[in-house]
1. Could you tell me how many cubic angstrom of Cα convex hull volume the range 59-256 has per residue?
2. Ranking 132, 529 by Cβ neighbours within 10 Å, fewest first, what do you get?
3. Past 30 Å, Cα to Cα, is the threshold; run 182/568; 183/568; 212/559; 50/233; 265/559 against it and keep the listed order.
4. What nm distance separates the two modelled labels at residue 125 and residue 259, each placed 7 Å from Cα along Cα→Cβ?
5. Report the gain in length on full extension from residue 278 to residue 300: 0.36 nm times residue separation, minus Cα-Cα distance, nm rounded to one decimal.
6. Which residues does a label at residue 307 reach in the range 369-401, if reach means a backbone N under 18 Å from a point 7 Å past the Cα toward the Cβ?
7. Among the aspartates and glutamates, select those whose C-alpha is under 16 Å from the C-alpha of residue 441, and discard any that sit fewer than 8 residues away in the same chain.
8. When you have a sec, figure out the Kirkwood radius of the range 32-129 from all distinct Cα pair distances and drop it here in Å to one decimal?
Amino acid sequence: MNPIPAPRSSGLTVDDRQRELITAARRVLGDLQLLVRDLSLAAHIQDTLKQAIHQLDEVFLLVVVGEFNSGKSAFINALLGRAILEEGVTPTTADIQVLTYGETATHEIVEPHLHRLTAPVESLREIAIVDTPGTNAVLREHEALTTQFVPRSDLVLFVTAADRPFTETERQFLELIRAWGKKVVLIINRIDVLAGEEDIAKVVGFVGESAKRLFGIVPAIFPVSAREALRAKLGEPARWTGSRFQPLEDYLHTTLDDRERLRLKLLNPLGIGAALLERAGELILARDAVLTRDVDALAELERQLALYEQDMARGLEPRMAAIDAVIIKIEQRGDAFFEDVFRLARVMDLMNKGRMQQAFEQEVIGDTARDIERHVRDLIDWLVEADLREWASISQLVNERRRQHDDRFLGSIDEAFRLDRAKIIGEVGRKSQQVVDTYDKHTESGAIADGARVAVATAAALGAGAVGLGTLVTIVATTAAADISGVFMAGALAVIGALVIPAKRRRAKAEMRHKLAALREQLSGSLRTQFQTELSRSAQRIRDSMAGYSRFVRAESEKITDARERLKKVSESIQRLRAQLGGAGL
């Protein structure tokens, strides 16, 4: 809504002390404005504060509210001493009407549902009076206009009817006014419909008790007859005393002198600031509650990943032991083979290197390639299945976090944070779910197998080629056999030495064990390193997918810490200023 359509001049004369207070109020409200902006409070809330700051430079704003048919328009006419506003028994005031001073009477539509009227009434030179739609108006848009307008008032005159005082809708509306920290004067209009003083006293007592329950104190209460007061001012002075308007006008004259108007003018935005601080505090608490659960969710994620890595590391060992066992069996068969061939009876076989190597491959190497391939494939399948399960678990955790109803903590005043957070978690949830939905076990297994084959081939100083992992191991083991076959040739030269063959047998076994130990170390070391790398890569992929969520939570947590400090400082400044304005410092 646009600023109040009135001269941008408060009409007040201020001294140095008062000017300091005005400067201090502007400064603290400016700090609050930055805080409200940084917290992304709803646009209408930011606009309310902006308009309240603007009001410091505008004419004093006296807002009249109440139910329709309580006599608000009649009351304003009586206050001004002339029939400016239309009166009636139906909701005649469907729009907000701002009355300001003018040399002639005019009526201008400033914007939809906001009108400006001017009249040559001296009291309007320093005060603008606002007539609002009834708090119980059928048209809710009009009530919404009123609730947006009230925070900008410097003084609220709440008009209730003597024959229907302090209704439920009036109580609800006064709660709103209380939330904004406004100074309220209660007007009980239409006392002329009551039987006498006793009835008037009862109504005043009822309104006073009701207001005390709401505000904690009893505001100023004035029972009046606006109709009688206007008639008195328009030429029937005998009706003035019965209207009981004089005490009200004396009060307003005292209340609205320069000093008090300035005090109320400063208290108005400070009251709005205090109300917005309360909302900002609630928002910060709500965000903190949501982020605390987000932090817990991220901690749970990290705990799951740590357990995943630990479980996988433990699960890797027995599978590696199975692969080691294949090499150990080669060694066991090799021992038996050398015991069998290094005998005098087989001296002719020993002299045939090709035959011995072929026999070694058949009897010792045997199905090693297939066994190695099978164990490694089992290991790869185990790793791929575990990786997929972990992605599914993380996806479930994120989606569950997204489904939790954190909106109930935030409400509409924190739309920006809610949307940003929903976007971040939504992206993480979609990404993790996409991984689960499109997880290709065959492709993943192939990539891990290729990495393992290359790692073993590199460790064994062989070209990776296109052969399988088990075949690479067989090549290494067979190469060891070829090296050992040189022992056979040396043995052939000493076939008559009964002591030479046992010595050569021991040497052959020792060299075979040495070669196989090296092979086992290369195979085990390279596979273990490769699979550990795969495990780390798997966990890191998940951490990377959650990085945006984690960054958002950290950044918002830092914002909350900063906002809390800023809110505390602004709150202390506002309290200090309000205390000064409430005392004799003005």
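1. Values: hull volume 22.4 nm³, N = 198.
Per-residue hull volume (Cα only) is 113 Å³.
2. In increasing order of surrounding Cβ atoms, one gets 529, 132.
3. Values: 182/568 22 Å; 183/568 25 Å; 212/559 40 Å; 50/233 39 Å; 265/559 33 Å.
Pairs exceeding the cut-off: 212/559; 50/233; 265/559.
4. Simple spin-label model gives 2.2 nm for this pair.
5. On the way: separation 22, 0.36 × 22 = 7.92 nm, distance 3.29 nm.
Extra length from residue 278 to residue 300 when fully extended: 4.6 nm.
6. 386-401
7. Partners within reach: 378, 381, 385, 387, 390, 450, 534.
8. Working: mean 1/r = 0.0652 Å⁻¹.
Computed over Cα pairs of the range 32-129, the Kirkwood hydrodynamic radius comes out at 15.3 Å.
Where a number appears in this text, it was derived from the coordinates with a stated rule and is not lab data. Note that this is a predicted model, so its numbers are computed, not measured. Counting neighbours? That spans all protein chains shown, and the Cβs are built from the backbone with ideal geometry, glycine included.
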